[in-house]
Amino acid sequence: MAFKRPDGRSFDQTRKIEAKVGIIKKADGSALFSFGDSKAIAAVYGPRQLYPQHLQNPEKCLLRCHYDLASFSVTERKRPGPTRRSSEISYVMTKALEPVLHLQNFPNSVVDVYIIITQADASTRCAAINAASMALANAGLLMKELVSSVSIGKVADAIVVDLTKEEEDYTITKEGKEEKATTDIPLAFLSRSEKLSLLQLDGKIKLQELKQAIAAGKKACVKITEIQKQTLKKIKEK
Ligand code: CDP
(Lines give C-alpha, C1' and ligand atoms only; values in the text may rest on other atoms or scores of the structure.)
Protein backbone atom coordinates (compact mmCIF):
# COMPACT_ATOMS: atom_id res chain seq x y z
CA MET A 1 0.00 0.00 0.00
CA ALA A 2 1.30 3.46 -0.89
CA PHE A 3 2.57 5.61 1.99
CA LYS A 4 0.30 8.43 3.16
CA ARG A 5 1.62 11.11 5.49
CA PRO A 6 -0.02 10.85 8.95
CA ASP A 7 -0.63 14.62 9.08
CA GLY A 8 -2.07 14.76 5.55
CA ARG A 9 0.77 16.81 4.01
CA SER A 10 1.82 16.32 0.41
CA PHE A 11 5.27 14.77 -0.05
CA ASP A 12 6.91 18.11 -0.92
CA GLN A 13 5.29 20.12 1.88
CA THR A 14 7.05 21.27 5.05
CA ARG A 15 5.15 21.69 8.29
CA LYS A 16 3.99 25.17 9.28
CA ILE A 17 7.06 27.39 9.55
CA GLU A 18 7.41 30.13 12.14
CA ALA A 19 10.38 32.50 11.96
CA LYS A 20 11.32 35.49 14.12
CA VAL A 21 14.47 37.49 14.77
CA GLY A 22 15.65 39.72 17.62
CA ILE A 23 13.90 37.64 20.27
CA ILE A 24 16.69 37.81 22.88
CA LYS A 25 17.62 41.42 23.60
CA LYS A 26 20.83 40.61 25.48
CA ALA A 27 22.32 38.67 22.58
CA ASP A 28 24.17 40.24 19.65
CA GLY A 29 21.77 38.39 17.36
CA SER A 30 18.93 35.95 17.90
CA ALA A 31 16.22 34.05 16.09
CA LEU A 32 13.50 31.46 16.39
CA PHE A 33 12.68 28.92 13.71
CA SER A 34 10.14 26.14 13.86
CA PHE A 35 8.86 23.34 11.67
CA GLY A 36 5.52 22.47 13.28
CA ASP A 37 6.30 21.18 16.78
CA SER A 38 10.08 21.31 16.33
CA LYS A 39 11.16 24.66 17.67
CA ALA A 40 14.69 26.11 17.87
CA ILE A 41 15.90 29.30 19.50
CA ALA A 42 19.36 30.64 18.63
CA ALA A 43 21.43 33.36 20.30
CA VAL A 44 24.71 34.69 18.91
CA TYR A 45 27.47 36.29 21.01
CA GLY A 46 30.52 37.79 19.32
CA PRO A 47 32.84 38.20 17.62
CA ARG A 48 34.70 38.64 20.93
CA GLN A 49 38.24 37.90 22.12
CA LEU A 50 38.74 34.14 22.57
CA TYR A 51 39.94 32.81 25.94
CA PRO A 52 41.87 30.75 26.98
CA GLN A 53 44.50 32.37 24.79
CA HIS A 54 45.99 29.10 23.49
CA LEU A 55 42.76 28.51 21.56
CA GLN A 56 43.20 31.76 19.61
CA ASN A 57 43.97 31.58 15.90
CA PRO A 58 45.75 34.68 14.54
CA GLU A 59 44.40 33.87 11.07
CA LYS A 60 40.71 33.49 11.79
CA CYS A 61 37.82 33.57 14.16
CA LEU A 62 36.50 30.39 15.75
CA LEU A 63 32.82 29.57 15.21
CA ARG A 64 31.30 27.47 18.01
CA CYS A 65 27.77 26.07 17.92
CA HIS A 66 26.24 24.72 21.11
CA TYR A 67 23.12 22.63 20.36
CA ASP A 68 20.99 21.65 23.35
CA LEU A 69 17.80 19.58 23.35
CA ALA A 70 15.97 20.92 26.42
CA SER A 71 14.99 18.16 28.83
CA PHE A 72 11.34 19.30 28.69
CA SER A 73 11.28 19.31 24.86
CA VAL A 74 10.61 15.60 24.46
CA THR A 75 7.94 13.29 25.85
CA GLU A 76 10.38 10.94 27.52
CA ARG A 77 12.31 13.36 29.70
CA LYS A 78 15.96 13.65 28.66
CA ARG A 79 18.66 14.20 31.29
CA PRO A 80 19.86 17.79 31.14
CA GLY A 81 23.33 18.48 29.79
CA PRO A 82 25.45 17.50 26.79
CA THR A 83 25.30 14.07 25.15
CA ARG A 84 27.16 12.39 22.28
CA ARG A 85 24.19 13.31 20.09
CA SER A 86 24.31 17.01 21.02
CA SER A 87 28.10 17.13 20.45
CA GLU A 88 27.66 15.60 17.00
CA ILE A 89 24.88 18.04 16.08
CA SER A 90 26.89 21.02 17.38
CA TYR A 91 29.80 19.88 15.22
CA VAL A 92 27.82 19.34 12.00
CA MET A 93 25.98 22.64 12.54
CA THR A 94 29.30 24.47 12.83
CA LYS A 95 30.49 22.86 9.60
CA ALA A 96 27.20 23.76 7.87
CA LEU A 97 27.45 27.43 8.86
CA GLU A 98 31.22 28.11 8.60
CA PRO A 99 31.36 28.50 4.78
CA VAL A 100 29.12 31.59 4.75
CA LEU A 101 31.07 33.65 7.30
CA HIS A 102 34.15 35.82 6.76
CA LEU A 103 35.97 34.30 9.71
CA GLN A 104 39.37 35.66 8.59
CA ASN A 105 38.10 39.18 9.40
CA PHE A 106 38.23 38.49 13.15
CA PRO A 107 41.56 36.93 14.17
CA ASN A 108 41.92 35.59 17.73
CA SER A 109 38.16 35.86 18.23
CA VAL A 110 35.17 33.60 18.72
CA VAL A 111 31.53 33.67 17.68
CA ASP A 112 29.37 31.53 19.96
CA VAL A 113 25.98 30.33 18.75
CA TYR A 114 23.77 28.83 21.46
CA ILE A 115 20.78 26.83 20.23
CA ILE A 116 18.07 25.46 22.46
CA ILE A 117 15.39 23.12 21.18
CA THR A 118 12.33 23.95 23.23
CA GLN A 119 10.03 21.45 21.49
CA ALA A 120 11.18 18.41 19.54
CA ASP A 121 9.33 16.47 16.89
CA ALA A 122 12.23 15.42 14.60
CA SER A 123 14.30 17.56 12.19
CA THR A 124 15.50 19.67 15.11
CA ARG A 125 19.05 20.03 13.69
CA CYS A 126 17.50 21.55 10.55
CA ALA A 127 15.37 23.99 12.55
CA ALA A 128 18.51 24.78 14.59
CA ILE A 129 20.60 25.57 11.48
CA ASN A 130 17.84 27.82 10.10
CA ALA A 131 17.55 29.68 13.40
CA ALA A 132 21.36 29.98 13.75
CA SER A 133 21.77 31.30 10.21
CA MET A 134 19.17 34.00 10.87
CA ALA A 135 20.67 34.84 14.27
CA LEU A 136 24.12 35.32 12.69
CA ALA A 137 22.64 37.71 10.13
CA ASN A 138 20.72 39.47 12.91
CA ALA A 139 24.02 39.93 14.78
CA GLY A 140 25.18 42.04 11.82
CA LEU A 141 27.89 39.61 10.79
CA LEU A 142 28.90 39.93 7.17
CA MET A 143 27.64 36.79 5.42
CA LYS A 144 28.28 35.57 1.89
CA GLU A 145 24.84 33.92 1.82
CA LEU A 146 22.30 32.33 4.13
CA VAL A 147 22.13 28.67 5.15
CA SER A 148 18.80 26.88 4.83
CA SER A 149 18.12 23.40 6.05
CA VAL A 150 15.45 20.72 5.81
CA SER A 151 15.23 16.99 6.37
CA ILE A 152 14.24 14.64 3.60
CA GLY A 153 12.97 11.17 4.31
CA LYS A 154 12.52 8.06 2.34
CA VAL A 155 9.53 6.54 4.08
CA ALA A 156 8.60 3.17 2.58
CA ASP A 157 9.02 4.15 -1.11
CA ALA A 158 8.09 7.82 -0.81
CA ILE A 159 10.54 10.75 -0.77
CA VAL A 160 9.07 13.27 1.68
CA VAL A 161 10.10 16.69 2.92
CA ASP A 162 10.46 17.64 6.62
CA LEU A 163 10.10 14.44 8.65
CA THR A 164 8.11 14.26 11.87
CA LYS A 165 9.04 11.86 14.68
CA GLU A 166 6.10 9.65 13.71
CA GLU A 167 7.45 9.41 10.15
CA GLU A 168 11.00 8.83 11.40
CA ASP A 169 9.74 5.90 13.46
CA TYR A 170 7.59 4.41 10.67
CA THR A 171 7.87 0.65 10.41
CA ILE A 172 6.64 -1.99 7.98
CA THR A 173 6.06 -5.68 8.49
CA LYS A 174 8.31 -7.88 6.38
CA GLU A 175 8.18 -11.67 6.64
CA GLY A 176 6.29 -11.33 9.91
CA LYS A 177 8.86 -8.94 11.41
CA GLU A 178 8.49 -5.22 12.14
CA GLU A 179 11.32 -3.24 10.55
CA LYS A 180 12.30 0.40 10.28
CA ALA A 181 11.14 1.81 6.94
CA THR A 182 12.58 5.31 7.10
CA THR A 183 15.84 6.78 5.86
CA ASP A 184 16.44 10.20 7.38
CA ILE A 185 18.52 12.71 5.36
CA PRO A 186 19.10 16.13 6.93
CA LEU A 187 20.39 18.60 4.33
CA ALA A 188 21.59 22.21 4.35
CA PHE A 189 22.08 24.39 1.30
CA LEU A 190 23.91 27.68 0.85
CA SER A 191 21.30 30.06 -0.52
CA ARG A 192 23.17 31.62 -3.46
CA SER A 193 25.86 29.16 -4.53
CA GLU A 194 23.37 26.31 -3.91
CA LYS A 195 26.19 24.22 -2.42
CA LEU A 196 25.41 21.54 0.14
CA SER A 197 26.94 22.25 3.54
CA LEU A 198 25.26 19.37 5.39
CA LEU A 199 24.30 15.90 4.23
CA GLN A 200 23.74 13.16 6.77
CA LEU A 201 22.08 9.86 6.09
CA ASP A 202 20.61 7.44 8.57
CA GLY A 203 19.30 4.33 6.83
CA LYS A 204 19.56 2.88 3.33
CA ILE A 205 18.89 4.49 -0.05
CA LYS A 206 19.64 3.89 -3.73
CA LEU A 207 21.74 6.46 -5.59
CA GLN A 208 18.84 7.50 -7.83
CA GLU A 209 16.60 8.04 -4.79
CA LEU A 210 19.34 10.03 -3.05
CA LYS A 211 19.52 12.32 -6.08
CA GLN A 212 15.74 12.71 -5.90
CA ALA A 213 15.99 13.49 -2.17
CA ILE A 214 18.66 16.16 -2.73
CA ALA A 215 16.55 17.77 -5.47
CA ALA A 216 13.51 17.82 -3.15
CA GLY A 217 15.64 19.33 -0.38
CA LYS A 218 16.97 22.03 -2.66
CA LYS A 219 13.45 23.01 -3.72
CA ALA A 220 12.23 23.18 -0.12
CA CYS A 221 15.30 25.20 0.91
CA VAL A 222 14.56 27.85 -1.74
CA LYS A 223 11.24 28.46 0.06
CA ILE A 224 12.90 28.41 3.48
CA THR A 225 15.54 30.96 2.35
CA GLU A 226 12.75 33.27 1.21
CA ILE A 227 11.09 33.04 4.65
CA GLN A 228 14.43 33.72 6.37
CA LYS A 229 15.08 36.74 4.13
CA GLN A 230 11.61 38.19 4.60
CA THR A 231 11.89 37.80 8.38
CA LEU A 232 15.29 39.51 8.46
CA LYS A 233 14.01 42.30 6.22
CA LYS A 234 11.05 43.00 8.51
CA ILE A 235 13.29 43.71 11.51
CA LYS A 236 15.50 46.03 9.42
CA GLU A 237 12.45 48.07 8.40
CA LYS A 238 11.32 48.51 12.05
O1 CDP B 1 15.99 16.10 15.73
P2 CDP B 1 16.80 15.48 14.63
O3 CDP B 1 15.92 14.76 13.63
O4 CDP B 1 17.70 16.46 13.97
O5 CDP B 1 17.77 14.40 15.29
P6 CDP B 1 17.54 12.85 15.70
O7 CDP B 1 18.71 12.46 16.55
O8 CDP B 1 17.26 12.06 14.48
O9 CDP B 1 16.27 12.87 16.64
C10 CDP B 1 15.00 12.74 16.13
C11 CDP B 1 13.97 13.07 17.18
O12 CDP B 1 14.01 12.11 18.22
C13 CDP B 1 14.16 14.41 17.88
O14 CDP B 1 13.77 15.51 17.12
C15 CDP B 1 13.27 14.18 19.07
O16 CDP B 1 11.91 14.38 18.70
C17 CDP B 1 13.51 12.70 19.40
N18 CDP B 1 14.48 12.54 20.50
C19 CDP B 1 13.99 12.25 21.76
O20 CDP B 1 12.78 12.12 21.93
N21 CDP B 1 14.86 12.13 22.82
C22 CDP B 1 16.20 12.27 22.63
N23 CDP B 1 17.02 12.14 23.68
C24 CDP B 1 16.70 12.55 21.35
C25 CDP B 1 15.82 12.69 20.30
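The values are calculated or read from the model by the stated rules, or taken from the named source; none is laboratory data. For clarity, every value in this text was computed on a predicted model and none was experimentally measured. Positions of Cβ are generated from backbone atoms using ideal geometry, with glycine treated the same way; all protein chains shown enter the neighbour counts.
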Test: residue in the stretch 127-144 that is in a helix (DSSP H, G or I), near the ligand (Cβ under 9 Å from one of its atoms) and closer than 23 Å to residue 184 by Cβ: yes
Residue check for residue 108: at positive phi, at pLDDT 95 or above and away from the ligand (no atom under 16 Å from the Cβ): yes
Would you confirm whether any residue within the stretch 94-105 is away from the ligand (no atom under 12 Å from the Cβ), in contact with a strand residue (DSSP E or B) (Cβ under 9 Å, 6 or more places away or on another chain) and part of a strand (DSSP E or B)? yes
Checking the conditions here, which among 154, 78 is of a type in the set (Lys, Arg) and closer than 23 Å to residue 185 by Cα? 154
Any residue at all in the stretch 52-63 that is over 16 Å from residue 128 (Cα atoms), of a type in the set (A, V, I, L, M, F, W, C) and surrounded by 12 or more Cβ atoms within 10 Å (Cβ to Cβ)? yes
Does residue 60 meet the test of being more than 16 Å from the ligand (Cβ to nearest atom), charged (D, E, K, R) and on the phi < 0 side of the Ramachandran plot? yes
Every listed condition ((1) at pLDDT 95 or above; (2) more than 22 Å from residue 89 (Cα to Cα); (3) in a strand (DSSP E or B); (4) among the polar types (S, T, N, Q)) holds for residue 173 save (1)
Just checking, which of 31, 2, 27 is part of a strand (DSSP E or B) and either surrounded by fewer than 20 Cβ atoms within 10 Å (Cβ to Cβ) or in contact (Cβ under 8 Å) with a residue 12 or more places away in the chain (or both)? 31
Tell me, please, whether a residue that is away from the ligand (no atom under 14 Å from the Cβ) and in contact with a Ser or Thr (Cβ under 9 Å, 6 or more places away or on another chain) can be found in the stretch 68-79. no
A careful count of residues in the stretch 179-199 that are exposed (fewer than 15 other Cβ atoms within 10 Å of the Cβ) and either in contact (Cβ under 8 Å) with a residue 60 or more places away in the chain or in contact with a Pro (Cβ under 8 Å, 6 or more places away or on another chain) (or both) gives 1
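To keep it simple, each residue is scored yes or no on (1) in contact with an Asp or Glu (Cβ under 9 Å, 6 or more places away or on another chain); (2) in contact (Cβ under 8 Å) with a residue 60 or more places away in the chain.
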{"position": "10", "(1), (2)": "no, no"}
{"position": "16", "(1), (2)": "no, no"}
{"position": "19", "(1), (2)": "no, yes"}
{"position": "37", "(1), (2)": "yes, yes"}
{"position": "40", "(1), (2)": "no, yes"}
{"position": "50", "(1), (2)": "no, yes"}
{"position": "55", "(1), (2)": "no, no"}
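Table: residues versus (1) surrounded by 24 or more Cβ atoms within 10 Å (Cβ to Cβ); (2) without any contact (Cβ under 8 Å) to a residue 12 or more places away in the chain; (3) assigned to a helix (DSSP H, G or I).
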residue	(1), (2), (3)
80	no, yes, no
88	no, yes, yes
110	no, no, no
118	no, no, no
122	yes, no, no
150	yes, no, no
Say whether the condition of being in a strand (DSSP E or B) and closer than 22 Å to residue 92 by Cβ is met by at least one residue in the stretch 211-233. no
Given the residues 50, 62, which is the only one that is among the aliphatic types (A, V, I, L, M) and touching a helix residue (DSSP H, G or I) at 6+ places or on another chain (Cβ under 9 Å)? 62
